[in-house]
1. Mind checking B:100-106 for the average number of partner chain beta-carbons within 10 Å of each residue's beta-carbon?
2. Can you check how the C-alpha radius of gyration of the range B:181-269 compares to 2.2 N^0.38 Å, as a plain ratio?
3. Hey, any idea what Rg/Rh is for the range A:1-156, computing Rh the Kirkwood way over Cα pairs?
4. Evaluate peptide B:87-95: per residue, the Cβ atoms of other protein chains within 10 Å of its Cβ; return the mean as an integer.
5. Taking all pairs of distinct Cα atoms, average 1/r, flip it, and tell me the Kirkwood hydrodynamic radius of the range A:115-180 in Å to one decimal place.
6. Based on DSSP H runs of at least 4 residues, each adding -39500 (n - 2.57), what is the mean residue ellipticity at 222 nm of chain A after dividing by all its residues, to the nearest 500 deg cm²/dmol?
7. Between 0 and 90 degrees, rounded to the nearest ten: what's the tilt of helix B:259-268 against the longest Cα principal axis of chain B?
8. Peptide B:68-75: average number of partner chain Cβ atoms within 10 Å per residue?
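What follows draws every value from the coordinates through simple rules; no lab data is involved. Quick caveat: nothing in here was measured; it's all calculated off a predicted structure. Using ideal geometry, Cβ is built from the backbone for each residue, glycine included, and neighbour counts are taken over all protein chains shown.
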């Protein structure tokens, strides 16, 4: 372990934990005001729902509603975090303090990833979930159950995390790819890519059907990709299941890695 | 010892050539003035040195590294102060900017930063997006100097400063730039940097026309006031009391280099100036000229 640590710190130009930590700290300091305001809004939402519910129906919102709101907030915050923290990174003028900051591209990339994956979603959990839990504890007769427990018990799954991680990496990449009109261009790209992917898949299935590929397959075949662990063994199965599994593997593992490598390359080669 | 070494460096934006076969060396302990008309590639040259742009051809080496790699060891020894201040006009103060960015520079000196802020009379706690352009620029200059880097690149630093501030700027640069720092200041307002810069680099469309110290320039050129324009004058302009003339110095003695006249003379006699100073570069170990 010590040897590994030495190797990491020896080559100062590649990666240093200390510098990466400083970068994360700098992001916090730089965004302190916005983060504080966001935290206040997050904390106010459960209070607002409790007041609204109490005034209209005599009790707060149901656990399901609050849990779903928390889930949506965490998901949205997870996905928008690159825009929230690093919207200006590749701006030809405003991005200069970032690119000229004495730290390696790898350190900047890691610091950005850590911040995006952890900070904003955690804020939603802490401030929305925390205040919701506090309200439940203080006013058990007005609302029952904890949104935070609902979220972790019913919503946090490997599947959901992988999909969100893919989306985050795609947004992260778009944030570095587009210089102006990032949000619009990112949404437009998502729509276009989804449409193209749907057209290709439908065309492929129709083509396979025209070749009689599905003729020998029973209508009763039940395909459930979730029965398979991501890296689990799959043997002599139906080719459709295997294809589906490979597609899932591509979408949840290969594609995020491609996006991450792409983002790193964009950071490394960006000209200002 | 060269801090910056360029060899046959070329750069273009799309199909437009900006820099063409530039060769140049910069040494520590000097304040270089990079002069040139608008659009000749001064900013591009600074950006290539800072690692913000990649040359199309040729090489640029800074501290022996390729600047475009933007390694921490390179970035911690260089500071680029751009002309436009969009990068710094944020919802926080210059003190806050220094607080979050200063720790990344190993030689950052907060006392020096505060001293320069005080001399410039900058309101250090006022939000940068509410300061005037001049005040913001002074704050940015204060931070740049306080980093104590080995290579300081300043793009048109005197733009936006009022006359007293320009004088103060020259004094602060002389007072606070470290002895071993190589400073490269680009400007198209040559008078702003009078008595500050030495050596002088004059950049023209696609070429370095001159890279010489003031001593070398005054050895080769004579700047004098004449009642009539001498036939051998390379450049002349009417001034109260006669004509300010620039001539080749054929035993005319020493004279004070007038930067604006030098610049205009160079623009009018590019080839001759290159010949004069290319020959000079070959004789001395001073900053070199193309071809290397």
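1. 5
2. Output field value: 1.09.
3. Using only Cα positions, Rg/Rh for the range A:1-156 is 1.12.
4. 3
5. Its Kirkwood hydrodynamic radius stands at 14.0 Å.
6. That comes out to -21000 deg cm²/dmol.
7. It is inclined by approximately 60 degrees.
8. So the per-residue partner count for this stretch is 6.
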